[in-house]
Amino acid sequence: MRDGNLICLGIEGTAHTFGIGIVSEDGNILADERETYKPPEGKGIVPYEAKKHHENVAAIVLEKALKDAGISTEEIDIISYSAGPGLPPPLLFTANFATKIARQFSKPLVKVHHGIAHIEIGRFLTGCKDPVVVYLSGGHNAILAFVNDSYKIFGETQDITVGNLFDRVARKFGLPMPGGPKIEELAAKGRNYFSLPYTVKGMDVSFTGIQTAVFRLIQKGIRKEDIAFSLQETCFAMLTEVAERALAHTEKNELLLVGGVASNKRLQEMMSKMCEERGAKFYVVPQSYSSDNGVMIAYTGLLAYKKGLANPFEDLVRPRWRIDEVKWFI
Amino acid sequence: MEIIKRGAEAILYIDYFEGKKVLVKERIKKGYRLEILDTKLRAERTRREARLMREARNIGVYTPQIFHVDEKNCRIIMEFIDGYRLKDILDEWSKEKIERVFIEIGKNIGKMHSADIIHGDLTTSNILIKNDTIYFIDFGLGYFSKRIEDKGVDLNLFKEAIRATHPNLLNLCWQNIVIGYMQEFDKWKEVLERVDEIERRARYVERGSKD
């Protein structure tokens, strides 16, 4: 507790990133420390390696976060962690680490849904109220909106996520992970559009057809820049289209873009243009908080704690925790 | 020009064509999309929707008659059906009337599925009733497919739409859809089994899974 405000320490570790954030009830971000596991060039994430990475950095990240915040452990009121969804090995390590320090420091423990944390930090930092949410990252690809007492999924991918697709294409180009920023750089220099399968069903999208077609273009020796350009234009048009359909369907007038892919400038431009054309307001999570971080877990942990939603289930983690299962409020 | 609906991808307005009052569905340009992609998509979808509507009409399912397809401007000029949306009148009907109409609706969906026509957006807003004739409208999300899965999804979406808009009438409507559907589509058994499977794998069933 500081100046009458609760203080929460949040721990994120569902995938590549191990992060600790410290946030106070009045909305001040006191610390934001992260370490990210990088798979060898041309390879995808190995869950067990990610866990080992987190094991190695956890104590140092904790010490740095406390130091940054200039805070003693007594001043912390709550400890929260991302309990799912995520890859079981790093997820379990994170849960165990959180449980141990909560016990050592004698603090209440809060289980946070990783996806809700992405949305809530986005709502908090942009000030939007009741948006249609477009949540895009390596592991997530969903169009959501709050209805009654939870975030409902209006559209999803029927196969792989757009983040995943970009990573796969980047790997084929021999570029290191994460692939998104590299694809964006290449696409900026692309000029020629090659037609790719455009698959939208209602508010769902599908990307495997694009993957096959792109691999074929690579084999044919088409310029990387043009392939990246065609890839971005097609995927983002599909996503913008389903986002618009969700806006029309839910009759909401705000759109919030969150998750790692949110930092892509072309995607932002397309979503913003679509919103402008239909008179909706467009918001995007600030780049420094678009990818996984501990701050969003700390902030959302505080919200859940105050509403008495700290412990929605008995298990330590839930690797396939669905966002629409979480009883929530906005 | 009187705009009667502004959807996510198209506008609908009343106009006059060769002296007749008609409905125009126009797919509007999307500024966010690369122009060549936008032009191609709108033209393709306009063509496909017109084809689906004509095909459905050919096999005896009532859809608005198409007078003209203006591919360049992505417009379908069609008959204006001055009827009621099923959604708005269903709750006033007697049980017998609902039975009769929903058997007919089931038959029509069966006919479409026999011809591999997937409507894509079956709801009680997309069915119009005019002088006891049932019209299917808005094939904008439709496509052609032979797959049982696609037919199952089509029927399941309709069931979910009825559940959401007329929860008390779900069983009555659904049972009669099934009775009609069985009469017109010989693979009804496989499709209905698929509908059950789709329901089983639907979200609410997954709640509580821990793995």
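Please treat every number below as a calculation from the coordinates, not as lab data. None of these values were measured; they are calculated from a predicted model. Here the Cβ positions follow ideal geometry from the backbone for every residue, glycine too, while neighbour counts run over all protein chains shown.
Worth pointing out:
- Once the Cα-Cα distance is subtracted from the 0.36 nm per residue extended length, the A:Lys129 to A:Arg2 segment shows a gain of 43.0 nm.
- Of B:Lys40, B:Lys87, B:Lys130, the residue with the greatest mean-square motion in the GNM of chain B, using alpha carbon springs below 10 Å, is B:Lys40.
- Antiparallel %, DSSP beta bridges [both residues in segment A:130-287], to 5: 60
- Those aspartates and glutamates that a straight Cα-Cα span of less than 17 Å connects to A:Lys38, excepting residues fewer than 8 apart in one chain: A:Glu12, A:Glu49, A:Glu55, A:Asp167, A:Asp292
- Pairs of lysine residues in segment A:130-287 that meet both criteria, 8 or more places apart or on different chains and Cα atoms under 16 Å apart, total 11.
- Highest mobility in the GNM of chain B, judged by mean-square fluctuation with C-alpha springs under 10 Å and restricted to B:Gly152, B:Gly140, B:Gly31, is found for B:Gly31.
- When the pairs B:Lys21/B:Lys130; B:Lys95/B:Lys146; A:Lys43/A:Lys100; B:Lys97/B:Lys130; B:Lys29/B:Lys130 are compared against a 26 Å limit on Cα-Cα distance, B:Lys95/B:Lys146; A:Lys43/A:Lys100; B:Lys29/B:Lys130 fall above it.
- Which of A:Phe93, B:Val195, B:Asn171, positive extreme of dipole for the protein assembly as shown (C-beta unit charges): B:Val195
- Label-point separation, A:Lys38 to B:Ile59 (7 Å along Cα→Cβ), nm: 5.7
- Among the GluC sites (Glu not before Pro) within segment A:7-105, those in coil by DSSP and having at most 16 neighbouring Cβ atoms inside 10 Å are A:Glu41.
- Look at the alpha carbon pairs under 8 Å that are at least 6 residues apart: their mean separation over the length of segment A:20-135 gives a relative contact order of 22 percent.
- Between the exposed loop cleavage positions of chain A, defined as chymotrypsin sites (Phe, Trp or Tyr not before Pro) in a non-H, G, I, E, B DSSP state with at most 14 neighbouring beta-carbon atoms within 10 angstrom, the longest gap is A:1-312.
- Note on chain B: with charges restricted to the Cβ of Lys and Arg (+1) and Asp and Glu (-1), its dipole about the Cα centre is near 460 debye.
- Residues A:Glu276 and A:Glu55, FRET efficiency given R0 of 35 Å [Cβ-Cβ distance, rounded to 0.05]: 0.15
- Estimated inter-spin distance, B:Ile14 and B:Asp196, nm [label 7 Å along Cα→Cβ]: 4.8
- Ordering B:Gly180, A:Ala59, A:Gly70 by the projection of their Cα atoms onto the charge dipole of the protein assembly as shown, which places +1 on the Cβ of Lys and Arg and -1 on the Cβ of Asp and Glu, puts B:Gly180 at the extreme positive end.
- Helix axis angle, A:224-250 relative to chain A longest principal axis, alpha carbon, degrees: 70
- Using alpha-carbon coordinates, inclination of helix A:114-126 to the longest axis of chain A, degrees: 90
- Between the helical axis of A:265-278 and the longest alpha-carbon principal axis of chain A there is an angle of about 80 degrees.
- Proximal lysines relative to A:Lys107, as straight alpha-carbon distance under 25 Å, when same-chain residues fewer than 8 apart are discounted: A:Lys51, A:Lys64, A:Lys67, A:Lys306, A:Lys307, A:Lys327
- Dipole magnitude of chain A about its Cα centre (Cβ charges: Lys, Arg +1; Asp, Glu -1), debye to nearest 20: 880
- 222 nm mean residue ellipticity, helices alone, for the protein assembly as shown (DSSP H n ≥ 4; -39,500 (n - 2.57); rounded to 500): -14500 deg cm²/dmol
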